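Chemist: Take a look at this one; I'll ask things after.
The values are calculated or read from the model by the stated rules, or taken from the named source; none is laboratory data. All values derive from a computational prediction rather than experimental measurement. Here Cβ is always computed from backbone atoms with ideal geometry, including for glycine, and neighbour counts include all displayed protein chains.
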Amino acid sequence: MRHSVLCLALAVLLAPGPGSAGRTGKKEYFRSLAADFKVVGVADVAAILSGPASLRVRDPSGRVTSPAERQIPGSNYVVMDFTTSPGDGVPDQGLTVPRGAEEGVYEVSAVPAPGADPEARVIVEIYVKGAAVWLVDDLKVKDLADTSFAVEVRNRPPEIHSAIPSGFDAGKENRVTVYASDYEGQRVTVHIEKGPAGMSWDQETWTLAWTPTLDDLGPHEVALVAEDERGATSRMQSPVWVLLPAVPSFRARVEGGAVVLTWEPLEGAVSYEILSAERGMLDPVATGLTGTRYVDIQVQVGQRYSYHIHGIDRNGRKSTNSPFQFVTVTRARGGPGGDHGP
């Protein structure tokens, strides 16, 4: 967002304005370039002037000050001096709106120094988020009357960086770390705006925790809200599913040229499916199984096989992935010492 705002500001400030041809009509040219623009986020914004003039600023509270006051206790901006090229004898003057500044509109104008030569050259410059924008490079003192620009500074809301995973395992504690930060460096707090019963948030560890039960199988909505010290908020909403956990104790072994697959019952599963990965493809070997044992006889000697199992819940959703089991068939089915049936 801040990049698009900056690009818009640059486009406005650098666009040709009235009197730009031949550098005539300096006051109108300055005004056209110094159009008001917004900075989203209490960011580093500076106006810098070089020449026989000084900057004057009116902050959102209506207080007027100038660089001569340097830093004002309790104020919302900092005034700095800048060193110019040796020998020119004219110090640059700058005003910076730092992070943590008061929100609102800052009006900045250039005031000629007493007795300044009307033809003396003045350079006015604006910095936005570290990018230098030259407004006018040959303005004269006589062009400064009634010229000003405004910067509107608004607090930027915090950002939530982490995504909530789509799957939560039933019957176990699921812990998810969610990070959020604030551009201005303010403290960020997070709370659950919407979520299932029992879901909790720990601000100290930035952890979302939930232990769903089999009664929670299915879809849910979770919404988190991050808030900074000034009350700006951002929201993240995500659909999540409660899934059966992985099928326990899934094992594969070779017996007599066949592969025997066994597992323990998974609470909440109404059936099981077994898949095998060959040539990079994960294909079903058997579906709709209701027991805890299956024998795969469609195997070949010398081949290595990998197996995977899912439990299927009442909603037709698959359980969390179980670890793959790998076996190599070393002899033909029905060979010496081999089995002759499942």
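Chemist: Against the definition (over 44 Å from the mean Cα position of the chain (by Cα), at pLDDT below 95 and among the charged types (D, E, K, R)), how does residue 255 come out, yes or no?
Modeler: Taking the combined requirement at face value, the residue satisfies it.
Chemist: If I filter the stretch 151-190 down to residues being polar (S, T, N, Q) and part of a strand (DSSP E or B), which single residue comes out as surrounded by the fewest Cβ atoms within 10 Å (Cβ to Cβ)?
Modeler: 177
Chemist: State yes or no: is residue 169 among the acidic types (Asp, Glu) and modelled with pLDDT of 90 or more?
Modeler: yes
Chemist: Scan the stretch 201-213 residue by residue and report those that are closer than 13 Å to residue 225 by Cα and either at pLDDT below 95 or in a strand (DSSP E or B) (or both).
Modeler: 201, 208
Chemist: Please determine, by comparing only the residues of the stretch 298-331 that are of a type in the set (A, V, I, L, M, F, W, C) and exposed (fewer than 15 other Cβ atoms within 10 Å of the Cβ), which one is modelled with the lowest pLDDT.
Modeler: The residue in question is 301.
Chemist: When you check residue 268 against the structure, is it crowded, with 18+ Cβ neighbours inside 10 Å, outside any strand (DSSP E or B) and not hydrophobic (A, V, I, L, M, F, W, C), yes or no?
Modeler: Judged against the criteria, residue 268 is a match.
Chemist: Could I ask something else about it? Go through the residues of the stretch 276-285 one by one and say whether even a single one is over 46 Å from the mean Cα position of the chain (by Cα), farther than 23 Å from residue 242 by Cβ and not β-branched (Val, Ile, Thr).
Modeler: no
Chemist: Something else about it: Under 8 Å by Cβ, and 6 or more places apart or on different chains, what pairs join a residue from the stretch 252-267 that is on the phi > 0 side of the Ramachandran plot with one that is buried (at least 17 other Cβ atoms within 10 Å of the Cβ)?
Modeler: 256/333; 257/299; 257/329; 257/333
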